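Below: one structure, written as C-alpha cells.
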Amino acid sequence: MSEITSLTVHELQQKLKRKELTIAEILESYCNRINEKEPEVEAFVTTYLEEAKAEAQKVQEKLDNGEDLGEYAGIPIGIKDNLCMKGTKTTCSSKMLENFVSPYDATVIEKLKDENIISLGKLNMDEFAMGSSTESSYFKKTKNPWNLNKVPGGSSGGSAAAVAANDKEAANTALVAATKLIEMAGSKGIYHKNNVARKISRLTKLVNTVA
C-alpha cells in the first residue's frame, strides 16, 4: 500500500470520509515507508511508530462513533525536534538535551492534538536550529533522499528529507521561519504551494501543503 504515502492530505481526508481507507491502513503504510527509508535517510531523531498505531485505533473508534473530530483527524505528521511534546524527548538535536523529556506541550502541539493528528516522531535538525545543512545535529547527519551524497538543507533538514522521501507527503511540520522556508526551497526543490501557510506565531509557520 505504498501508494498511500503519495496521497495529499486532502486526498487522505476524502478517502477517510468515503471509508475507502481506515486510519490504521494509513498509519501502517507510513510506518512501513519510514522503516524502509529511515536507515539510509536518517530523518528522525526519535520515532513513535507503535504508539502512533495505537493512537490510530483510538481516533478510528471516535470517528466510527460519530464524534466531532478535527478536520485533520487521523492524518500522520512528524514534529521538528525543537517543539516540546509532553512525555517525549525534545532534544533540539543537542547532546545537552539528549535525555530531556518535556513536561508540557508547546501551543502548536496542543493545536495539533486538538485536531487528532497523529505524530510519528521527532525530526532531526541542526543543533538548536543553528545551521543550514542539518550536519550540526549531535545524533546524526540527515541525508538528502534524492541524492544520499548531498545534504537536505536546514535547519529543518529532517522535515525536508522526510517529505522528499515521501514519509509524510503533505502533513509534515516543516515549522520554519519564512527565511528558512525560502532557503530550503532552493536546496531541495521543496516549495511553499498556493500560499496555504497559516500563522502559528510571529516566528513560525505551519506548511500545510508542499510539493
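Report the paramagnetic label zone for Val101: residues of the stretch 63-89 whose backbone N is under 19 Å from a point 7 Å from Cα along the Cα-to-Cβ axis. Residues passing the 19 Å test: 81-89. Here the stretch 11-144 is assigned +1 on the Cβ of each Lys and Arg and -1 on the Cβ of each Asp and Glu. Its dipole about the Cα centre then comes out at about 180 debye. Computed about its Cα centre, the charge dipole of the stretch 97-149 is approximately 240 debye, with only Lys, Arg, Asp and Glu carrying charge at their Cβ. Karplus-based coupling profile of the stretch 127-143, in residue order and whole Hz: 3, 6, 6, 9, x, 9, 9, 6, 8, 8, 4, 5, 7, 6, 9, 5, 9, with θ = phi - 60° in 6.51 cos²θ - 1.76 cosθ + 1.60 and x standing for Gly or Pro.
No lab work stands behind these numbers, since they all come straight from the coordinates. Just so you know, these numbers come straight off a predicted model, no measurement behind them. All Cβ positions, even for glycine, are placed from backbone atoms using ideal geometry, and neighbour counts span all protein chains on display.
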